[in-house]
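For reference, the structure is listed below as structure tokens.
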Amino acid sequence: MPHDTPLIATLVGAFVLAFVLGAIAQRLKLSPLVGYLLAGVLVGPFTPGFVADEHLALELAEIGVILLMFGVGLHFSLSDLLSVKAIAIPGAVVQIGVATLMGMGLTWAMGWNLGAGIVFGIALSVASTVVLLRALQERRMVESEQGRIAVGWLIVEDLAMVLALVLLPALSGALGGRTVTTGTIDWLGLGGDVWTTLAVTLVKVAGFVVLMLVVGRRVIPWIMHWVAHIGSRELFRLAVLAIALGVAFGSAKLFGVSFALGAFFAGMVLSESPLSHRAAEETLPLRDAFAVLFFVSVGMLVDPSIVVKSPVPLLATVLIVLFGKSIAAFLIVRAFGYGNSTAFTISASLAQIGEFSFILVALGVDLQLLPAEGRDLILAAAIISILANPFFFLVLDRYRARQAPLRPEKAPAAAPAPAPKPVPALPETALANHTVLVGYGRVGRLVADGLKAAGTPFLVIEDQGDRLEELKRLGLEAVNANAASAPAITAANVAGARRIILAIPDGFEASNVLKKARQLNPGIEIVARAHSDAEVEHLRQSGANFIIMGEREVARGMLAHVLETSQNDIAAAAAAEQAVEGGNRAAPSVPFPSEPPVEAAPDLAEPAAAAQKETL
């Protein structure tokens, strides 16, 4: 059996170098992504030494994109996508237009034709979902409002890129490139004019979406439940991978949409199943491994000599990516009435070039629309922007940490959501000495169920349409607004409330509400949740009375159960010994178990019991 195969050599070279350089980058307090990208440069065709198979690396990286987008879908429901459509759709469209015009201006200065300018500009306008998701996951922001806007924004960009990839071959001849024959776009079913091509594309995409929402949301969860009841962990993991890869591949072949978009919809449909959390955990190791291959493959495409050949155009390209479209996105978000924190988050999210850009560039070169220099500029700018993006998020983290305790994030002034209620006209609750629950997600639902069962008067502050409908069906009082806004605080009568429970996952957003509530009601009891020691400290400094960190409370609950069981065993053993000593011949002699002192149990069990009460 041969040992020097291209596939094995590519995997070994990519993983070993990525590990070594990623560890060095981590040691230097840089993002491991820096090491992964540099590993790609070292195994690429433009540097001496070992050269990995470029085509195999790109195909393996595509699997990483599929699994990553599937994970995004698992945490991003259709209601979340629709909840941000008012800002994500117009914002992404305008931002793409502005960035494309900036790229066309640069190509005009370099003497390129119109077709090259359009391809170059569009390639600069989109950001990487892979890079963005990594940054949001590290900060646990995927489920926050800012995370939903950022991911929704990039989903709209991906949809626009799908359309561009379909239309570009049909427009190539008119834009000065190679005229495409019918065979190049025969997968569309016909080779008509631009309008026909556009109509067919829209019909195919619409057909895929309808199929996934009507059939997929019934079949996929059913399959997962059936496999889960079998009881085989490896079959469950295999079912998750089969659904992610199968839907992605099938959507590309049957409907002409991208692998990434198909995988995203598969994950979004599965997210409605209670097994979505387990599915995300089962695919996490493979997602991480293939995501590394994606970054390595990007590094392999970079020709380092472009820095010497075209330094000025490269600098201009990098400035457009890092600052041009980021400034445009900041102004767009602010124009929609959102605060600086949200605007800076979206700007940082877009300060890099996405994986769709690499596909578009390859197509542009193949159609003779984009010169080779344009491909090298975009790839070099991609690696520089991906290297620089973590530093943008570090600056954002410091800004949010500094601003969060000072003033609440400004709510959107006039989000054109369907049938919105004017914020100043929110009706005030009649409750007093009650509990205010902020957020009705997975944690918020459990808290609400516990409060309702205990007969504790409470209301919920929530701004997601589907959750508000659920609260209405359950007969629970709700305030439809951003919890950090003054009208929401007033409508919930925080000034007369006994306590406020912050069930939202983002510690920074929670601190905005916390600060406002503490100013209005200095004596209110504030209960919050956190995911790390840093968030615990931040919330404590902001004025929270009681903070739950999930992992810690799970450990306490387990320990309390063990110690309580041990106490029962000790009591049963003592009773049996006493019965034997009293002459009861029927009672067996039970050995006294060796356990820690009983006196230690109450000290450990009581905090867990108190935490459980507060959690429920």
Asn482 is checked against (1) in a helix (DSSP H, G or I); (2) open to solvent by 30 Å² or more (accessible area, probe 1.4 Å) and fails just one. What number does that condition carry? (1)
The one condition Gly267 fails out of (1) open to solvent by less than 20 Å² (accessible area, probe 1.4 Å); (2) more than 22 Å from His225 (Cβ to Cβ); (3) small (Gly, Ala, Ser) is (2)
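Can Leu81 be described as touching a helix residue (DSSP H, G or I) at 6+ places or on another chain (Cβ under 6 Å), in a helix (DSSP H, G or I), surrounded by fewer than 22 Cβ atoms within 10 Å (Cβ to Cβ) and modelled with pLDDT under 85?
Here the answer is yes, as Leu81 does meet what is asked.
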Tell me which residues, restricted to the range 207-221, are closer than 15 Å to Gly267 by Cβ and not β-branched (Val, Ile, Thr). Phe208, Met212, Leu213, Gly216, Arg217, Pro221
For the range 310-330, give me each residue that is open to solvent by 80 Å² or more (accessible area, probe 1.4 Å), farther than 21 Å from Val34 by Cβ and free of Cβ contacts under 8 Å to residues at least 12 places away in the same chain. Val312
Would you tally the residues in the range 379-395 being open to solvent by less than 10 Å² (accessible area, probe 1.4 Å), aliphatic (A, V, I, L, M) and within 13 Å of Ala135 (Cβ to Cβ)? 1
Set Met161, Met102, Met141, Met110: member being farther than 30 Å from Tyr440 by Cα, modelled with pLDDT under 85 and aliphatic (A, V, I, L, M): Met161
Would you check if Ile8 is open to solvent by 20 Å² or more (accessible area, probe 1.4 Å), without any contact (Cβ under 8 Å) to a residue 12 or more places away in the chain, part of a helix (DSSP H, G or I) and under 16 Å from Ala289 (Cβ atoms)? yes
In the range 396-454, which residue that is acidic (Asp, Glu) and assigned to a helix (DSSP H, G or I) is modelled with the lowest pLDDT? Asp397
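Go through the range 124-134 and give me each residue that's open to solvent by less than 10 Å² (accessible area, probe 1.4 Å), of a type outside the set (Val, Ile, Thr) and more than 14 Å from Ile383 (Cα to Cα).
Passing the criteria: Ser125, Leu132, Leu133.
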Across the range 502-561, what is the total count of residues that are open to solvent by less than 60 Å² (accessible area, probe 1.4 Å), in a helix (DSSP H, G or I) and free of Cβ contacts under 8 Å to residues at least 24 places away in the same chain? 3
How many residues does the range 46-64 hold that are crowded, with 16+ Cβ neighbours inside 10 Å, part of a loop (DSSP other than H, G, I, E, B) and either under 23 Å from the mean Cα position of the chain (by Cα) or touching a residue at least 60 places away in the same chain (Cβ under 8 Å) (or both)? 2
Among Phe290, Phe358, Phe295, Phe336, which is the only one that is aromatic (Phe, Trp, Tyr), in contact (Cβ under 8 Å) with a residue 40 or more places away in the chain and open to solvent by less than 10 Å² (accessible area, probe 1.4 Å)? Phe295
Over the range 88-121, the set of residues part of a helix (DSSP H, G or I) and aromatic (Phe, Trp, Tyr) is Trp108, Phe120
Name the single residue, out of those in the range 110-121 being closer than 24 Å to Pro311 by Cβ and touching a residue at least 40 places away in the same chain (Cβ under 8 Å), that is surrounded by the most Cβ atoms within 10 Å (Cβ to Cβ). Val119
From Leu101, Leu67, grab the single residue that is within 30 Å of the chain's Cα centre (by Cα) and free of Cβ contacts under 8 Å to residues at least 60 places away in the same chain. Leu101
Subset of the range 209-233 [more than 23 Å from the chain's Cα centre (by Cα) and either within 19 Å of Ile63 (Cβ to Cβ) or open to solvent by less than 20 Å² (accessible area, probe 1.4 Å) (or both)]: Val227
Hits in the range 22-35 (condition: open to solvent by 40 Å² or more (accessible area, probe 1.4 Å) and either assigned to a helix (DSSP H, G or I) or among the hydroxyl-bearing types (Ser, Thr, Tyr) (or both)): Ala23, Ile24, Gln26, Arg27
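The values are calculated or read from the model by the stated rules, or taken from the named source; none is laboratory data. Quick caveat: nothing in here was measured; it's all calculated off a predicted structure. Reconstructed Cβ throughout: ideal geometry from the backbone, glycine too, with neighbour counts over all protein chains shown. Side chains are part of the model used for accessible areas, which takes the heavy atoms of the whole protein and leaves out ligands, DNA and RNA. Shrake-Rupley method; radii C 1.70, N 1.55, O 1.52, S 1.80 Å.
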